[in-house]
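The values are calculated or read from the model by the stated rules, or taken from the named source; none is laboratory data. Source: prediction; values computed, not measured. Virtual Cβ from ideal backbone geometry, glycine too; neighbours counted across all protein chains shown.
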Amino acid sequence: VDHLRIKVSDTGIGIPADEIPYLFSKFSRGKDVKRLNAGGTGLGLYVVKMIVEGNRGKVWVESDGDGRGSRFIIELPID
């Protein structure tokens, strides 16, 4: 085994495919944020990406679309 994989899944509103490329960008907020009255700065996933990549890892998200939940995956090398 050369890496550790952490997967966090939910059964929430899902993420539209056209938003996935921007999720880990600084100040990125989904278009449903206003409708859901969700707070936040849009920095959380950006910070996660910086920490993971700073440790030679990878982070990505998978979603089957609206209403189908999401999966966030972090993969870190084991030295």
Considering residues of the stretch 43-57 that are in contact (Cβ under 8 Å) with a residue 12 or more places away in the chain and of a type in the set (D, E, K, R) only, the residue farthest from residue 16 (Cα to Cα): 56
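Does the stretch 58-79 hold any residues that are in contact (Cβ under 8 Å) with a residue 60 or more places away in the chain, loosely packed, with under 12 Cβ neighbours inside 10 Å and not in a strand (DSSP E or B), and which are they?
Matches in the stretch 58-79: 78 only.
Here is a yes/no grid of residues against (1) modelled with pLDDT under 90; (2) surrounded by 13 or more Cβ atoms within 10 Å (Cβ to Cβ); (3) in a loop (DSSP other than H, G, I, E, B):
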| residue | (1), (2), (3) |
| --- | --- |
| 1 | yes, no, yes |
| 21 | no, no, no |
| 39 | yes, no, yes |
| 47 | no, no, no |
| 56 | no, no, yes |
